[in-house]
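Scroll down for the structure; my scribbles are underneath it.
None of the figures in this text is laboratory data; all of them are computed from the coordinates on show. Quick caveat: nothing in here was measured; it's all calculated off a predicted structure. Cβ atoms come from the backbone with ideal geometry, glycine included; neighbour counts cover every protein chain shown.
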Amino acid sequence: MPHPLSQLRLRMRSLLHRAEVDQELDEEIQYHLQRQIDEGLAKGITAEEARRAALHTMGAITQNKEECRDMRRLNWIEHSMQDLRYGARALRGNWTFSIVAVLALALGIGSNTAMFSVAYGMLLKPLPYADADHLAVVYMSYFPRDFRFGTMSVRDYLTWKGDNRAFEDPSLFRTLRMDIAGNAGVPEQVQGASVTAGFFSTLGVRPLIGRTFAAGEDTPGSSSMAVLSESIWRRRFGASPGVLGQTILVNGDPSVIVGVMRESLRFPRLDTEIWTNLPLNPPTRYGPWYYRGVARMKPGVTLQAAQAELNNIAQRIMQQNPYYKRLTFPVLSLREALLGTSVKLALIVLMGAVGLVLLIAVVNVANLMLARATVREREMALRLSLGASRGRLVRQLLTESVLLAVMGGVAGLAFAWGGVALIRAWNPGNLPFIDSVRLDWASLGFMILVSVSTGVMFGLVPAFKSAHADLNTTSKEGGRASTVGPARGRTRAVLVISEIATSLLLLVGAGLLLRSFANLQGVTGGFSTPPRRILTVLISPENAKYHDELAGIELYHEILRKARNLPGVEMAALTDSLPPDRQGDADTFEMEGQHLAPGEMNPVVSVIATTSGLFRTLGVPLVKGRYFTEHDNQDSQPVAIVSEGFARRFFPNQEVLGKRIMHSGPNSGEPWMEIVGVVGNVKYLGLTVDTDPAYYMPFGQAYYSRMFLVVRSSGDAAHLAGLLRQEVQSIDRGVTLAQIGTMEQALILSVSQPRFDTILLALFAGIALVLAAVGIYGLISYSVAQRTHEMGVRMALGAGQADIVRMVVRQGVLLAIVGVGLGLGGAFALTHFLRTMLFGIDAKDPLTFAAAPLGMMVVVLLATSVPALRATRVSPLVALRK
Amino acid sequence: MSKPTDLVQGTVDLLILKTVAIEPMHGWAIAQRIRQLSKDVLQVGQSALYPALHKLEQQGWIEAEWKMSDSNRRAKYYSLTRAGRRALAKETNQWERLSAAISMIVRTA
């Protein structure tokens, strides 16, 4: 185009000075007319005749002007405004239609916007690390432990570091709870991490004040140092810059504060508040396996390439150490490591599900639009015959549907706002990144995009159908209600079938998760005391004197005595591990008389130190032998109790009582312990983990300074928390109490992710079901209304009410059968994606696959029965007269 | 909706461009000129003429100016722009090729 500027000028003039331009157009046409008349007069006819002739040759003047306006593109915006006004009027004119459509869209768009906000906050929002895409977390996994994302030992790390090429200098870290004390203030326990010197530079984060660890500060013998989080700095030190150089006690170890880290650093855990330097002492034996690696991939290295290199390193380590079987170093991107792989999968599944809900909503509204299009056929035909172009009609109808969708979107925004608030409020505490989930500009953009595109989607087909209405037939049909053309009826039936199929798919998915969640709720964790009657608290004495066994045991006996004296307390005990997922320690052990292949290492299992009362307090059954007693102490013969799973795995078909095992293994200097009892399996690694073999050592013989106090109350245990805290701190104010809560709370927390997934998917399936029901109800009532005449004839000819009902219901049931069939097929093909989210049931669970279609059929029958009953109330006389 | 069936839209454009290339002219005069030059064979009705004029103006090929006409009334005079002159050359060229091709076929067949 030659003159963009002058064109713009013309266009602006057309828009802004509309009246003037219109007037000029008038004048121009008028001039033409006048010349025409003049010409007629010149030929000698009368003025009147000349005028008539001129007007005749000029044709439809108005239409001509309209075309000129079109040529100026003047109409584009003006028409849009007209369309909007007209659309709004049309929507106002049909309240029920508009409300149903807007509600359906609000549900669809709203739930999508909410879900998008959640997924965006968790999956897409940029992490606050320099070039975070290149950061990876390295785990270790090996038989017999077989944790997919397990930990490694310092020796494994050193081997990896020696052979590493893919990463910049890899760092090592360990997460642990840390008691901090000193410098006044109540001692408290926070989430901490012990990290190698390169940790912070690997992440590319700078401290708020002070410094991070310098190279070499992770060598053996380095003095203890700490980097504080901003939160702890504000809380305990009033944000004073003088904090640098001060000494605090971290797990009783005096450590110099060298820096304060920004709040945005949330690694290795989201709630990490303190980092200490990790001295890489040369390993004297294999283990302990406490550590994970974090490293920055070199430029050009992909996650796959890094994984391949680590696989090779794992092969080499396995050749050197025959103990390791199936050893791998799984690598995850930093985000996935923070988020957890299960969360990502769940979010993808939920996004898919909510997308299907939107699809159903769109189909529903398309269906309503089609129904309305039939009613408006005459309106369209009239406008066509009055000279409106088909394109103009399509645009007008599209404007209407986009307007509808945007209204739905705005209403949906309210839904989404409520939904996000609900999700945040109901966050059980361990959903990652939930606090970065909010309705923001991204959500708003998403909502607008979805609204407009859905508006176009559900508007396009009905709009084209309407605009291409056949003038002749439609006009001829006159006032009589016409029957639906077979084509349009078929389109609507296909839409309803797809709705039924999609909702069935969601129903099956929700059913599977519900059943799986019920299974999860049925898992006991291995103890029989009602969870709400158990209160647990982690006790860490800060004073270094309690590192001494005698002083420590005395302190704990006093704590136990005070706890037992509290009103309502039936029993109290100590343990360093708790179900369902608070494993304390895992280590190697040796069986007396065992033969290891050269280089083979002893197996690793959970080791639990506990006082005599633990099994009775929790209600862990004694299978044989005896529980610990008060008399199992330093002065008596060392003993151990093993779990059933332990006995089965390590002493199959043997009498386990009387056998001797040793903590750690040969050369550890530990004594042989005689197995005196076998107890039921308890879950320490989460409810979904198959029983992990474990053995127990009596607290009197295996002192550990940080223990869980477990209290069994005669009633609800929650109210004991305050009392317990007072009593314990009355013994020694320097004792930290952390993680106070009932077992019930711990169980709920441990299944929060599956509960989150289940509730959301069930909610989505519910919405889908309602929408599908509305869809089928709409179709059937519409077709009943269309067939009033036919019904009248049938009844006049002797059809009974039952026949009419059967006829109408049959139509609905036929649709449902096809839809259910398709939906089942889809479910069969898709549910295996849910496999890793399911617990205790198959992805093709027959019960779910039977119940969901049944439920769907019931809903369809209900939705059909209302219009069916209405059909029977048709009076033949009235129907025939119409 | 009554476009002349024997005159394709592009042809009207070409005729208009050619006509106003001679001198600035108002709509009526353009129609008259086309009729005269074609010896009454081609008649461009105003229903085709004015939309085409407004389109060409919008495209920037012609520009308009209000002037007093010979009949002493205000009329809108269209004249060719530089871009219009280029377009005319191109369209003429194309038209000649097209019509030559068509006549070749019509004659031989």
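Taking the alpha-carbon centroid of each part, what is the distance from segment B:70-92 to segment A:780-844 in angstrom?
Result: 67 Å between the Cα centres.
Can you list residues whose amide H is under 5 Å from residue A:624's amide H, if they're 5+ apart or on another chain and H is modeled 1.01 Å from N?
Residues meeting the criterion, in which the H sits 1.01 Å from N, are A:678.
What is the helix-to-structure angle for A:61-71, meaning the angle in degrees between its Cα long axis and the longest Cα principal axis of chain A, kept from 0 to 90 and rounded to the nearest 10?
Helix A:61-71 and the main axis of chain A meet at about 30 degrees.
Can you work out the Karplus-derived ³J(HN,Hα) for every residue in segment A:620-633? Use 6.51 cos²θ - 1.76 cosθ + 1.60 with θ = phi - 60°, whole Hz, and x for glycine or proline.
With coefficients 6.51, -1.76 and 1.60, one gets 9, x, 8, 7, 7, x, 9, 6, 5, 10, 4, 7, 7, 9 Hz.
Determine the calculated [θ] at 222 nm for chain A from helices alone, applying -39500 (n - 2.57) to every DSSP H run no shorter than 4 residues and normalising by the residue count; nearest 500 deg cm²/dmol.
Per the formula, -17500 deg cm²/dmol.
Rounded if a/c is under 1.5, else prolate if a/b beats b/c, else oblate: with a ≥ b ≥ c from the C-alpha gyration tensor eigenvalues square-rooted, which is chain B?
prolate
Using the Kirkwood radius over C-alpha pairs as Rh, can you work out the diffusion coefficient of segment A:531-746 via Stokes-Einstein at 4 °C, viscosity 1.567 mPa s, in µm² per second?
73 µm²/s
Suppose we keep just the DSSP beta bridges with both residues in segment A:531-746; what percent of those would be antiparallel, to 5?
Beta bridges within segment A:531-746, antiparallel portion: roughly 80 percent.
Could you tell me the calculated FRET efficiency between residue A:835 and residue A:66, based on Cβ-Cβ distance and R0 = 60 angstrom, to the nearest 0.05?
After rounding to 0.05, the efficiency reads 0.45.
Would you mind giving the mean number of other chain beta-carbons within 10 Å of the Cβ of each residue in A:26-38, as a whole number?
Mean shielding count: 5.
Considering only DSSP beta bridges where both residues belong to segment A:132-339, give the percentage that are antiparallel (nearest 5).
Of those bridges, close to 80 percent are antiparallel.
Taking the DSSP beta bridges in segment A:586-701 as the whole, what percent of them are antiparallel, to the nearest 5?
60 percent
Need the full-extension length gain, residue A:24 to residue A:320, defined as separation in residues times 0.36 nm minus the C-alpha distance. One decimal, nm.
97.1 nm
Where does helix A:720-731 land angle-wise versus the long Cα axis of chain A, in degrees 0 to 90, nearest 10?
Approximately 30 degrees, to the nearest ten.
When a/c reaches 1.5 or more, the comparison of a/b and b/c decides; with that in mind, is segment A:227-323 rounded, prolate or oblate per its Cα gyration tensor?
Verdict is oblate for segment A:227-323.
Counting other Cβ atoms within 10 Å, which trypsin sites (Lys or Arg not before Pro) in segment A:676-774 have at most 13 and lie in a DSSP loop?
Those that pass, being in a loop and sparsely packed, are A:733.
At 25 °C and a viscosity of 0.890 mPa s, what translational diffusion coefficient does Stokes-Einstein give for chain A, taking Rh as the Kirkwood radius over Cα pairs? Give it in µm²/s as a whole number.
Estimated via Stokes-Einstein, D reaches 73 µm²/s.
Provide the net charge surrounding residue A:197, with neighbours chosen by a C-beta distance below 15 Å and charges set as Lys +1, Arg +1, Asp -1, Glu -1.
Result for the neighbourhood of residue A:197: 0.
By how many degrees, between 0 and 90 and to the nearest 10, does the Cα long axis of helix A:441-467 differ from the longest principal axis of chain A?
Roughly 40 degrees, rounded to the nearest 10.
Skipping prolines and chain starts, which residues have an amide H placed within reach, meaning under 5 Å, of the one on residue B:26, given they are 5 or more residues away or on another chain?
The list, which skips near neighbours in sequence, is B:78.
Quote the relative contact order of segment A:178-268 in percent (integer), defining contacts as alpha-carbon pairs under 8 Å separated by 6+ residues.
Computed over segment A:178-268, the figure is 36 percent.
For segment A:326-333, just list the computed ³J(HN,Hα) in residue order, Karplus coefficients 6.51, -1.76 and 1.60, θ = phi - 60°, integers in Hz, with x standing in for Gly and Pro.
After applying 6.51 cos²θ - 1.76 cosθ + 1.60, I find 6, 7, 9, 10, x, 10, 10, 5 Hz.
List the residues, sorted by chain then number, that are 5 or more residues from residue A:219 or on another chain and whose placed amide H is less than 5 Å from its amide H.
A:280
Here are some pairs, B:39/B:67; A:43/B:67; A:161/A:344; B:18/B:90; A:659/A:683; A:65/B:90; which of them have Cα atoms lying more than 19 Å apart in this structure?
From the list (B:39/B:67; A:43/B:67; A:161/A:344; B:18/B:90; A:659/A:683; A:65/B:90), the Cα-Cα distance tops 19 Å for B:39/B:67; A:43/B:67; A:161/A:344; A:659/A:683; A:65/B:90.
What are the ³J(HN,Hα) couplings of segment A:313-319, residue after residue, when phi is run through the Karplus curve with 6.51, -1.76, 1.60 and θ = phi - 60°? Round to Hz, x for glycine and proline.
Values, residue by residue: 4, 4, 4, 4, 4, 5, 5 Hz.
Nearest 0.05, what FRET efficiency do residue A:95 and residue A:858 give at R0 = 30 Å with Cβ-Cβ as r?
0.50
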